[in-house]
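J.: I'd like to ask you about the structure that follows.
The values are calculated or read from the model by the stated rules, or taken from the named source; none is laboratory data. Remember, it's a predicted structure, so these values are computed and weren't measured experimentally. Ideal geometry is used to build each Cβ from the backbone, glycine not excepted, and the neighbour counts take in all protein chains shown. Calculation scope for accessible area: heavy atoms of the full protein, side chains included, ligands and nucleic acids excluded. Shrake-Rupley method; radii C 1.70, N 1.55, O 1.52, S 1.80 Å.
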Amino acid sequence: MLVLGIETSCDETAAAVVARDAAGTGRILSNVVLSQFDSHALYGGVVPEIAARAHTECLDVLIRKALEEAGVALGDLSAVAASTGPGLIGGLIVGATSGKALALATGIPFLAINHLEAHALTAGLTDGIRPPYLMLLVSGGHTQLLWVEGIGRYRRLATTIDDALGEAFDKTAKLLGLPMPGGPAVERAAMNGNPRRFNLPRPMLGREDPHFSFAGLKTAVRHAAAKIAPLSDQDVADLCASFQAAVSDSVADRVRLAIRSVLPLSPEGAPRNFVAAGGVAANKTLRTTLIGIAGEFGFAFRAPPLELCTDNGAMIAWAGAERLTAGLVDGLDAPVKPRWPLDPAAAKAAGAGVKA
């Protein structure tokens, strides 16, 4: 099975070809990603209209390159998969329309992929992990703990009631005058900082439900910075290290609660896996913390390689291959969905805003 994956949900344009054999083993044949960081840097964040135009200008070139690198033609494909949500609607329209056009022209199935599901299933491509497993999804737009029951079946255990973790990293970086992308910039600065210099809060620590909150932590960084302004390079490094330590402690507390809640759900004798996915899962300090927590409970920790944590076409293609195998094919009238929860039945978290 050969699937072309198209990703245009935010500020990376990506195309990839992934192979899946009958045993369920995946192989990346090509994975082409073009970042738009330079186009948005002037504005301090992603501008949706600029992102959509950039996708339009380069997507056909990236698809052609992905096919060439994989050594396959359009006629060799089993299906075309495109992210159709959640994300910026302009970019989603570009990718979905391109994918549908290719499917129509070649007569092969089209697969409308939930971008979050693609992150959730990446461990199957990289490590051969099959559901069920616990997953922490940490990205620029989402922070969730999910029990992955199977393809298309997800139980949301926790979400953020305000900012996503990636958003908190980006806003902290902007506050401290660091460049985009904010997450890697904060991590680099923190390497030279003292994580104990600033006594920052650990949001939601000790709460009985495993939900997240990062808005107050971000505000605490702003207040701490204002007290000692103007900031030296060492001040910035110490603030970043202290912020990162607070994030790790808060996430650790939330994850422990979630693991305890899913222990009864794990089939007797089955492997216990804890998977992290999304752009923030590339943070090495957070990974180290999560590895330790998984070990406490006898779970194996899995996370994609760093290049597959951020948005990419390979995860879209793999999710498409998994859904095609399960017979979950979409029509050419499949809509794009700027908001598309993996667990629509999940109860709204107390105190959560519209982004949760």
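J.: Give the accessible surface of region 125-271 per residue, rounded to a whole number of Å², with probe radius 1.4 Å and ligands, DNA and RNA excluded.
T.: On the way: 6250 Å² over 147 residues.
I get 43 Å² per residue for this part.
J.: Just for the chain, what percent of DSSP beta bridges are antiparallel, to the closest 5? Could the numbers behind the result be given before it?
T.: Numbers: 28 of 45 bridges.
That works out to approximately 60 percent antiparallel.
J.: Let me ask another. Return the long-range amide H neighbours of residue 312 (sequence gap of 5 or more, or a different chain), with a cut-off of under 5 Å between placed amide H atoms.
T.: Answer set, sorted by chain and number: none.
J.: Treat each spin label as a single point 7 Å out from the Cα along the C-beta direction, and report the residue 1 to residue 333 distance in nm.
T.: Once both label points are built, they end up 2.6 nm from each other.
J.: Moving to a separate point now. What part of the accessible area of the chain, given as a whole %, is carbon or sulfur when the probe is 1.4 angstrom?
T.: Working: 8120 of 14760 Å².
Exposed carbon and sulfur together represent 55 percent of the surface.
J.: Could you state the orientation-averaged shadow area of the convex hull built on the Cα atoms of region 44-124, in nm² to one decimal? Walk me through the numbers before you get to the answer.
T.: Details: hull surface 25.4 nm².
So the mean shadow area of the Cα hull is 6.3 nm².
J.: Moving to a separate point now. Want the number for residue 261 to residue 105: 0.36 nm per residue separation, take away the alpha-carbon distance, what's left?
T.: Working: separation 156, 0.36 × 156 = 56.16 nm, distance 4.75 nm.
Result: 51.4 nm gained on full extension.
J.: If the chain between residue 345 and residue 199 were fully stretched, how many nm would it gain, using 0.36 nm times the residue separation less the Cα-Cα distance?
T.: Details: separation 146, 0.36 × 146 = 52.56 nm, distance 3.79 nm.
Stretched fully, the residue 345-residue 199 segment lengthens by 48.8 nm.
J.: Let me ask something additional. Between residue 233 and residue 207, what length comes free when the chain is fully extended (0.36 nm per residue of separation minus the Cα-Cα distance, one decimal in nm)?
T.: Going from the current span to full extension adds 5.8 nm.
J.: Within region 168-269, report the chymotrypsin sites (Phe, Trp or Tyr not before Pro) that DSSP leaves as loop and that have at most 13 other Cβ atoms within 10 Å. Could you put the intermediate results ahead of the total?
T.: Numbers: sites: 169, 198, 212, 214, 243; in loops: 198, 214.
Within region 168-269, no chymotrypsin sites (Phe, Trp or Tyr not before Pro) qualify (loop, at most 13 other Cβ atoms within 10 Å).
J.: Taking the Cα centre of region 1-108 as the origin, how large is its charge dipole in debye, to the nearest 20, when only Lys and Arg (+1) and Asp and Glu (-1) carry charge on their Cβ atoms?
T.: Working: 6 positive and 11 negative charges, 52 e Å.
Using Cβ point charges on Lys, Arg, Asp and Glu, region 1-108 gives about 240 debye.
J.: What's the Kirkwood radius of region 211-356 in Å, using all Cα pairs? Don't skip to the end; give the middle numbers.
T.: On the way: mean 1/r = 0.0531 Å⁻¹.
It is 18.8 Å.
J.: On to the next question. Largest first and to the nearest Å, give the Cα extent of the chain along each principal axis.
T.: Result for the chain: principal-axis Cα extents of 62, 53, 33 Å.
J.: Hey, another quick one. If you wrap a convex hull around the C-alpha atoms of region 1-158 and split its volume per residue, what is the figure in Å³?
T.: Numbers: hull volume 17.7 nm³, N = 158.
Spelled out: Cα convex hull of region 1-158, divided by residues, is 112 Å³.
J.: Could you list which residues have their amide H under 5 Å from that of residue 163, counting only those 5 or more apart in sequence or on another chain, with H placed in the peptide plane?
T.: 214, 215
J.: Which order do the peptides 128-135, 79-86, 101-108 come out in when sorted by mean C-beta neighbours inside 10 angstrom, highest first?
T.: Values: 128-135: 20.5, 79-86: 27.6, 101-108: 15.1.
Per-residue mean Cβ counts within 10 Å order the peptides as 79-86, 128-135, 101-108.
J.: Still on this structure: If you count only protein heavy atoms with a 1.4 Å probe, what accessible area per residue comes out for region 21-75, rounded to a whole Å²? Can you show the working numbers first?
T.: Values: 3320 Å² over 55 residues.
Per residue, region 21-75 has 60 Å² of solvent-accessible surface.
J.: Note down the net charge around residue 331, summing +1 for each Lys or Arg and -1 for each Asp or Glu among other residues with Cβ under 15 Å from its Cβ. The partial results should precede the final answer.
T.: Numbers: positive: 100, 323, 337; negative: 330, 333.
Summing Lys and Arg as +1 and Asp and Glu as -1 gives +1.
J.: Using Cα atoms only, what is the angle between the long axis of helix 233-262 and the major principal axis of the chain, expressed in degrees (0 to 90) to the nearest 10?
T.: Its long axis makes an angle of about 60 degrees.
J.: Towards the positive end of the charge dipole of the chain, with charges on Cβ (+1 Lys, Arg; -1 Asp, Glu), say which of 44, 303, 135 has the farthest Cα.
T.: Of 44, 303, 135, it is 135.
J.: What are the ³J(HN,Hα) values, in whole Hz, obtained from phi via the Karplus relation 6.51 cos²θ - 1.76 cosθ + 1.60 with θ = phi - 60°, for each residue of region 117-131 in sequence order, with x given for Gly and Pro?
T.: 5, 4, 4, 5, 9, 4, 4, x, 6, 8, 10, x, 6, 10, x
J.: Here's a follow-up. Give the aspartates and glutamates reachable from residue 171 as a straight Cα distance under 14 Å; neighbours fewer than 8 places away on the same chain don't count.
T.: 162, 163, 187
J.: Mind jotting down a quarter of the surface of the convex hull over the alpha carbons of region 200-273, in square nanometres, one decimal?
T.: Taking the Cα atoms of region 200-273, their convex hull projects to 6.1 nm² on average.
J.: Evaluate the distance, in nm, between pseudo-label points positioned 7 Å from the Cα of residue 219 and of residue 61 along their respective Cα→Cβ axes.
T.: It is 4.5 nm.
J.: Where Rh is the Kirkwood radius over the Cα pairs of region 66-206, the temperature 20 °C and the viscosity 1.002 mPa s, what D in µm²/s does Stokes-Einstein return?
T.: On the way: Rh = 18.3 Å.
Rounded, D is 117 µm²/s.
J.: Could you name the lysines whose alpha carbon sits less than 20 Å from that of residue 337, not counting residues in the same chain fewer than 8 places away?
T.: Correct list for residue 337: 100, 348, 355.
J.: Suppose each label sits 7 Å from its Cα in the direction of the beta carbon; what would the residue 352-residue 68 distance come out to in nanometres?
T.: The modelled label-to-label distance comes out at 4.5 nm.
J.: Which order do you get for 32, 61 if you rank them by accessible area with a 1.4 Å probe, largest at the top? Working shown, then result.
T.: Working: 32 15, 61 75 Å².
Of 32, 61, the descending order of accessible area is 61, 32.
J.: Per residue of the chain, what 222 nm ellipticity follows from adding -39500 (n - 2.57) for every DSSP H run with n ≥ 4, rounded to the nearest 500? Let's see the in-between values first.
T.: Numbers: 11 runs with 153 residues, N = 356.
Helix-only estimate at 222 nm: -14000 deg cm²/dmol.
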